[in-house]
Amino acid sequence: MHDPNFRRSVVLVAEHGDEGAMGFVLNRPSEATATEAVPSLAGLVEPEAVVFAGGPVEPQAVIVLAEFEDPEEAAAVIFADIGFLRADADPALLAGSTRRARLFAGYAGWGAGQLEAELAQNAWIRADALVDDVFTSEPADLWSAVLRRKGGRFSLVATMPPDPSLN
């Protein structure tokens with residue numbers, strides 16, 4: 001992928017249908033703390049949690065992904081018990097019914113057929129998502145960790161420096 005927005009990024013595809021797809025870059029933390037950006041999230045996220053740059057689309061939009069005790073409390077479930085926080089939810093009330101949450105500014109988006117075309121061109125490496133990928137405490141290492149998990153030739157790619165010509 002030559003787009004700098006997605007270089008060495010791990011993207012969780014959250015929705016995919018006939019009209020397009022949307023997802024979140026999981027390994028792009030910002031320097032802004034989540035509670036500075038959205039003070040009402042103070043009881044829902046860890047005190048030092050940062051905002052993640054979810055993608056280049058609508059970077060001013062705030063989206064919260066959470067791991068729910070009861071996935072039916074999510075606005076929509078993405079996989080397992082990971083879902084979107086409801087827009088009308090009171091974060092203080094949800095603190096007891098979520099295991100953890102992460103705040104994203106913006107998202108990645110594809111028009112109808114665009115993601116399918118990129119996959120057909122092998123522009124993306126596909127891997128099954130794990131819950132811990134969404135909430136990794138080591139976002140800088142997530143890309144390599146996912147590739148190592150795939151094994152085979154991807155394990156070798158995981159060890160490559162960002163610019164192999166400097167090696």
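Taken together, the values in this text are just the output of simple stated rules run on the coordinates, not laboratory data. What you are looking at is a predicted structure, and each value in this text was computed from that prediction instead of being measured. For neighbour counting, all protein chains shown are included, and Cβ atoms are generated from backbone atoms with ideal geometry for every residue, glycine included.
Numbers at a glance
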| item | result |
| --- | --- |
| Contact order relative to length of the chain, as percent, for alpha carbon pairs under 8 angstrom and 6 or more apart | 24 |
| About the Cα centre, charge dipole magnitude for region 73-167 (Lys/Arg +1, Asp/Glu -1 at Cβ), debye | 280 |
| Residue-averaged 222 nm ellipticity for the chain, from DSSP H runs of 4+ at -39500 (n - 2.57), nearest 500 | -4500 deg cm²/dmol |
| Three-way shape call for region 120-167 based on the alpha-carbon gyration tensor, with the a/c threshold at 1.5 | oblate |
| Low-density loop positions, GluC sites (Glu not before Pro), region 31-135 - DSSP coil, at most 10 other Cβ in 10 Å | GLU48 |
| Nearest-0.05 FRET efficiency for ARG100 and GLU58, computed from C-beta distance (R0 22 Å) | 0.40 |
| For region 11-137, the Rg and Dmax computed from alpha carbons only, in angstrom | 14.6, 45 |
| Region 93-128: trypsin sites (Lys or Arg not before Pro) falling in loop per DSSP and having at most 13 other Cβ within 10 Å | ARG126 |
| Nearest-20 debye value, region 11-137 charge dipole, Cβ charges on Lys, Arg, Asp, Glu | 300 |
| Farthest toward positive dipole pole in the chain [+1 Lys/Arg, -1 Asp/Glu at C-beta], among GLY43, ALA101, PRO29 | PRO29 |
